[in-house]
Every structure is written in structure tokens, then in C-alpha cells.
Amino acid sequence: MSIPAPVLAIVVPCYNEQEVFAATERQLRELVVRMAEEGLVSPLSYVAYVDDGSRDRTWELIEEAALAHPDLDRGVKLGHNVGHQNALLAGLEAVERSCDAVVTIDADLQDDVNAIPRMVEKYREGFEIVYGVRDSREADTWFKRNSARAFYLTMYRLGVESVDNHADFRLMSRRAVVELLKYKERNIFLRGVVPRIGLRQTQVVYDRRAREAGESKYPLRKMLNFAVDGITSFSIKPVRMVFALGVVFVVIALFIFVYTLCRYFAGETIEGWTSLMLSIWFCTGVLLLGLGIIGEYVGKIFLEVKERPRYVVESLRGFDAPEL
Ligand code: UDP
Ligand code: MG
């Protein structure tokens, strides 16, 4: 391990988590103390809880913890519920300047906290991003497992890069966080953006457990929203599909053209059928083509307004001379 012990910040988004908070807080605090004692992380390391507009006692509990353990626990309270991904970003922005590395983890501790020391070891070997990858999803319901699989498969088909079986449990170096925060888009899908940053990346495998207490804060509605956001904030392939459909319709129209004319000249049709058949297929095809073309431009606008960084510089040689 060539890199010195980092100041580690653990960022935990919390939405109505009063049932699990006490257990989570104790486990994470003990973990940070233990890692600091072992010299794995700096004694200045801490845990930052982001209250995502909870309506229960979560924020009071965070405040109490921050008072009781001022060196170890910090809190960020958001004005209203902005969702898991934005809460994570709020946490990252809050800790960015006061840490060397960040681990993000859910408040319900479904992800094994014992993977954190292993992530830190990877960081100290020189990795900038360490993904927590779950070994099994036994503890999740059948529905959750399969809907997640279908979602990742769809994402993959649509050309969105993401790490299999990885949720938002990961370690990022400060540098990686700085690069991530350059992605200014409002609808951010972290699991898709992080792999795009590049830099040295690796994985740590762990077992996913059942939620310790309380219920999932991701009802079906939020899960669907998340899936739609993930796809539409990354891919303009759905628009291309409309265009492709237009091409298919126009081709079908050509076949129908030949077919209806044959029937017409054979005298097997009734009045009006030929022209109706032709116009339905041809007009629909042309409409879809038009939509597809407009969609291409809208897609370009969509990619532009994100103002994503064009590249990430990983290292420089020979540029160390003082500036003129
Ligand atoms: N969460 C949040 N805002 C929300 C929904 C969830 O900050 O609007 C947090 C929640 O407190 C938890 C994490 O996101 O720390 C993941 O939520 P949950 O465990 O309910 O999701 P699941 O594991 O069921 O996918
Ligand atoms: Mg959970």
C-alpha cells in the first residue's frame, strides 16, 4: 500500500430511516474508529448523513449523533425529498473538500460494511474508484431480483455502460469525485456516469443482506421512474428506433403497393381499398420517418444541454514546468 492513510468520508443518504438509524450509526462509527486504530484510514475520517427531506425523526437522530460524536458524525439536511441519486450528490458535494476518499452506502446496511476496509485497501493500492459488487441477491425478493436483471439487460442493450450487480455502494477518490461533479446534468444516473469517468477502477465482492429494519424506500413507482431516468438520460436509441420503424413501414408500403395493384388489376378488390391501403402504410411510414428526424435533432440538443465534460485527463508528462 503505497498511498498514505486517507481521510475517509462515508456518505449515507437517509429517507425516513428512523428505524435503522441507531444501528447504522453505531456500526459505521465503530467501523471508522476501528479502521483509524488499525492505521488504515486517518483519525480525521467521519460519516456524513444526508437527510433527504424525511418526514419522520431521522434528522433529529442525525443531530443527536452529531452532538454526541462531533468528530465522527456529520449531517446535511435537504429542504425536501429529492431522491436517492440527488441526495448522494448533495453528500458528495458536502464532503468533497474535506476528505481524500468517499464511500457511499445505503442507510439500511444491506451492503456489507466489512467491504469498506477492503475498498480502502484498494484505494491505497492506487485505485481511484472501487465498486462494491454483490455476490448474491438471495436476500432480495424474487421480484426485485428479476426486475433489476431486466433493467440492467435493457440498459446494456441500449448501450449504457454500467457495472453488473453494483448499486451505489462504492469508494471514490477525491479526484474522481471532482471529475464526477463536472457532470452538470440535472437528471443524473450515477451508475452510468461513474464508469465514464475512467481512471483506475476495480471491484470488491460482498454478500447483500436483507434490510435491517424499516421498509424499502423504493416502491414500484420510484423504481420505474429510476429506470426511465436511467435510460432516457443516457441513450437516444429509443429515438433511433422510431426512425427504424419508419423505414420498416415505408418498405412495407412498397410491398403493399405491388400487392394491391396486382389485386386491383385482377379485379378482386372493392372500390377504394387500394388507395386506402396504400395511403395508410405510406403516410404512417413517412410520419414516423419525420418524427425520427426531428428526434435526432432533439437528441442532439439533449446531449448538448447536459454540458458533459468532453474528456478526463488521467495523467500528464512534461507539463510540470511553471506557467509563464
Ligand atoms: N433514499 C433517499 N431518498 C429517497 C429514497 C431512498 O435518500 O427518496 C435512500 C434510503 O434512505 C436508503 C437508500 O436511498 O439509504 C436506498 O433505499 P432503499 O434501501 O429503500 O432501496 P432498496 O435497497 O430497496 O433498493
Ligand atoms: Mg435497501
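The values are calculated or read from the model by the stated rules, or taken from the named source; none is laboratory data. Here the structure is a predicted model, which is why all the values come from computation and not from measurement. Positions of Cβ are backbone-derived with ideal geometry, glycine not excepted, and every protein chain shown enters the neighbour counts. The area values use the complete protein model at the heavy-atom level, side chains included, leaving out ligands, DNA and RNA. Shrake-Rupley method; radii C 1.70, N 1.55, O 1.52, S 1.80 Å.
Some points to look at:
- Among the residues making up the range 86-120, those that are part of a loop (DSSP other than H, G, I, E, B) and over 15 Å from the mean Cα position of the chain (by Cα) are Cys99, Asp100, Ala107, Asp108, Leu109, Gln110, Asp111, Asp112, Val113, Asn114.
- In the range 42-85, the qualifying residues are those that are among the charged types (D, E, K, R) and either buried (at least 20 other Cβ atoms within 10 Å of the Cβ) or within 22 Å of Val120 (Cβ to Cβ) (or both), and the one that is farthest from the chain's Cα centre (by Cα) is Asp71.
- The residues of the range 151-210 that are of a type in the set (S, T, N, Q) and either under 18 Å from Phe226 (Cβ atoms) or within 14 Å of the chain's Cα centre (by Cα) (or both), listed by number, are Thr154, Ser162, Asn165, Asn187.
- Pairs where the first residue, in the range 24-40, is farther than 25 Å from Ser2 by Cα and the second is exposed (fewer than 15 other Cβ atoms within 10 Å of the Cβ), C-beta under 6 Å, 6+ apart: none
- Residue check: Ile236 meets all listed conditions (1) within 16 Å of ligand 1 (Cβ to nearest atom); (2) in contact (Cβ under 8 Å) with a residue 24 or more places away in the chain but one, namely (1).
- Residue match in the range 56-72 (condition: within 11 Å of ligand 1 (Cβ to nearest atom), at pLDDT 90 or above, among the polar types (S, T, N, Q) and closer than 18 Å to Asp168 by Cβ): no
- Sole residue being within 24 Å of the chain's Cα centre (by Cα) and either loosely packed, with under 11 Cβ neighbours inside 10 Å or modelled with pLDDT of 80 or more (or both), chosen from Glu271, Glu307: Glu307
- Matching helices (runs of 4 or more DSSP H) fully within the range 134-234 where at least 1 residues are modelled with pLDDT of 85 or more and surrounded by 15 or more Cβ atoms within 10 Å (Cβ to Cβ): 174-180, 190-197
- Residue among Ile252, Ile293 that alone is more than 30 Å from Arg196 (Cα to Cα) and modelled with pLDDT of 80 or more: Ile252
- Selection within the range 86-110 - open to solvent by less than 30 Å² (accessible area, probe 1.4 Å), within 14 Å of ligand 2 (Cβ to nearest atom) and over 18 Å from Val41 (Cβ atoms): Ala87, Leu88, Ala107, Asp108, Leu109, Gln110
- Within the range 200-228, residues that are more than 11 Å from ligand 1 (Cβ to nearest atom) sit with their Cβ atoms under 8 Å from residues that are open to solvent by 60 Å² or more (accessible area, probe 1.4 Å) and assigned to a loop (DSSP other than H, G, I, E, B), at 6+ positions apart or across chains, in these pairs: Val205/Asp135; Tyr206/Asn114; Tyr206/Asp135; Asp207/Asp135.
- Yes/no for Phe243 being in a helix (DSSP H, G or I), touching a helix residue (DSSP H, G or I) at 6+ places or on another chain (Cβ under 9 Å) and free of Cβ contacts under 8 Å to residues at least 60 places away in the same chain: yes
- Leu245 open to solvent by 50 Å² or more (accessible area, probe 1.4 Å) and within 32 Å of the chain's Cα centre (by Cα): yes
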